[in-house]
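The values are calculated or read from the model by the stated rules, or taken from the named source; none is laboratory data. Source: prediction; values computed, not measured. Neighbour counts are summed over all protein chains in view; Cβ atoms, including those assigned to glycine, are modelled from backbone coordinates with ideal geometry. Each accessible area value is taken on the protein alone, full model and side chains, heavy atoms only, with ligands, DNA and RNA left out. Shrake-Rupley method; radii C 1.70, N 1.55, O 1.52, S 1.80 Å.
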Amino acid sequence: MVENKPGANTIVATDAVAKSPADGHTILMTTDATFSINPHLYAKLPYDARRDFSPVTMLVLLQQLLVAHPALPANSLSELISLAKARPGAINYASYGSGSQPHLAGEMLKNKAGIDLVHVPYKGISLAVPAVIAGEVQLTFAGIATSMPQLKAGRIKALATGGAARSPLLPQVPTFAELGYPEVETHAWFGLFVPAGSPREAVARIHQDTKKILDEPDFRQKQLVEKGYEVVGSSPQDFVISMGKDSESRGRAVRISGAKAE
């Protein structure tokens, strides 16, 4: 049974799972915001990222694009920066919540480019991208999987992407690093967790079953690779190491950008 609990930049769902029985039957599927970003943004959380959970596996990585409304008179990152400098505070960007990855990326871009963009938080990516399409805001950061149908339909346009290399799905879109802004990190990940104290056998079984699904050729290609996801399927031990490095990186980004949870 899937129970969606949106809100508060994943805090609502995370707190619910943290308070669930540690019997291996309750699993949290969440993003990097929960463990790599929120601890650096919020002075107090209802959960302890290290104490209350056992990591199972990082499912996938994805790079986010900076996308814009087609009518915005900027077709590249440099044109956007020039426009923002000429019209400080006149351009808005959406995120899927204060403290989310798009919020952090937007604040970092503002800091490094010396521009003034106005942050408009929504309650989810399902609302942020449509807000750009409708012209409520001019920009947002969105995953390739979310963006591709809208890009193909011409409802949004891509200005830059994160990551060390361009996406094979959008080879014409340059990376932030190429354009001189390597600090603008837009990657995100999805992972599985169980409440701390869950049986080791349950953790191992969930990881093994998940890995089989991720490695199924048809599912992997059509549902993940072709939609812009990088398949990971890491072991619990490797996931812990990756999370530690990611948290350190995001902590530096929060301090440099001055991003704050609103």
In the range 45-58, residues that are over 21 Å from Ala105 (Cβ atoms) and assigned to a strand (DSSP E or B) total 5
Taking Lys222 as meeting all but one of (1) modelled with pLDDT under 95; (2) touching a strand residue (DSSP E or B) at 6+ places or on another chain (Cβ under 7 Å); (3) not in a loop (DSSP other than H, G, I, E, B), write down the number of the exception. (2)
Please identify the pairs in which a residue from the range 1-12 that is of a type outside the set (Val, Ile, Thr) has its Cβ atom under 6 Å from the Cβ atom of a residue that is open to solvent by 60 Å² or more (accessible area, probe 1.4 Å) and not in a loop (DSSP other than H, G, I, E, B), counting only partners at least 6 apart or on another chain. Lys5/Val12
Within the range 86-97, the residues that are part of a loop (DSSP other than H, G, I, E, B) and under 15 Å from the mean Cα position of the chain (by Cα) are Tyr96, Gly97
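Every residue, every condition in (1) touching a Cys at 6+ places or on another chain (Cβ under 9 Å); (2) surrounded by 13 or more Cβ atoms within 10 Å (Cβ to Cβ); (3) without any contact (Cβ under 8 Å) to a residue 24 or more places away in the chain, yes or no:
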position: Ala142; (1), (2), (3): no, yes, no
position: Arg166; (1), (2), (3): no, yes, yes
position: His187; (1), (2), (3): no, yes, no
position: Gly191; (1), (2), (3): no, yes, no
position: Pro195; (1), (2), (3): no, yes, no
position: Thr210; (1), (2), (3): no, yes, no
position: Asp218; (1), (2), (3): no, no, yes
position: Tyr229; (1), (2), (3): no, yes, no
position: Val232; (1), (2), (3): no, yes, no
Restricting attention to the range 14-62, and to residues there that are more than 21 Å from Gly162 (Cβ to Cβ), touching a Gly at 6+ places or on another chain (Cβ under 8 Å) and of a type in the set (Gly, Ala, Ser), which single residue is surrounded by the fewest Cβ atoms within 10 Å (Cβ to Cβ)? Ala22
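Residue-wise test of (1) in contact with a Leu (Cβ under 8 Å, 6 or more places away or on another chain); (2) more than 22 Å from Ala13 (Cβ to Cβ).
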position	(1), (2)
Phe193	yes, no
Gln223	no, yes
Lys227	no, yes
Glu230	yes, yes
